[in-house]
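J.: Just passing along the structure, written as structure tokens.
A short reminder: the numbers here are calculations on the coordinates, not readings from a lab. Because the structure is a prediction, the values reported are computed rather than measured. Quick reminder, even Gly has a Cβ in these numbers, built from the backbone with ideal geometry, and neighbours come from all protein chains shown.
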Amino acid sequence: MEKVEIIVKGMTCEHCVRRVEKAILSTGKARNVQVDLTTGKVVFEKEDDLSLDEVKNNIEMFGYKVEL
């Protein structure tokens, strides 16, 4: 497992945090997702075969902007 940090912009509440967590976990190849609403920083562990583009696409489907 590789630890990854990304920035997600556009989150405004705890519901947004849960959506981002769900988007990452829905890949089935990530765990230990930690989302900081104030800074937009998201840290998680991912399996080697999970691409960050897939994570980005899953999050951006909810209308947030991801900086890798």
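J.: Select from the stretch 2-14 the residues that are free of Cβ contacts under 8 Å to residues at least 60 places away in the same chain and either under 9 Å from the mean Cα position of the chain (by Cα) or surrounded by fewer than 16 Cβ atoms within 10 Å (Cβ to Cβ) (or both) and list them in ascending order.
T.: First pass over the stretch 2-14, keeping only residues free of Cβ contacts under 8 Å to residues at least 60 places away in the same chain: 2-5, 8-14.
Once the filter is applied, which keeps residues that are free of Cβ contacts under 8 Å to residues at least 60 places away in the same chain and either under 9 Å from the mean Cα position of the chain (by Cα) or surrounded by fewer than 16 Cβ atoms within 10 Å (Cβ to Cβ) (or both), the stretch 2-14 yields Glu2, Lys3, Glu5, Val8, Lys9, Gly10, Thr12, Cys13, Glu14.
J.: Just checking, how many residues over the stretch 40-68 are without any contact (Cβ under 8 Å) to a residue 12 or more places away in the chain and among the polar types (S, T, N, Q)?
T.: 2
J.: Same structure, new question: Could you run through the stretch 15-66 and say how many residues are in contact with a helix residue (DSSP H, G or I) (Cβ under 9 Å, 6 or more places away or on another chain), loosely packed, with under 14 Cβ neighbours inside 10 Å and aliphatic (A, V, I, L, M)?
T.: 1
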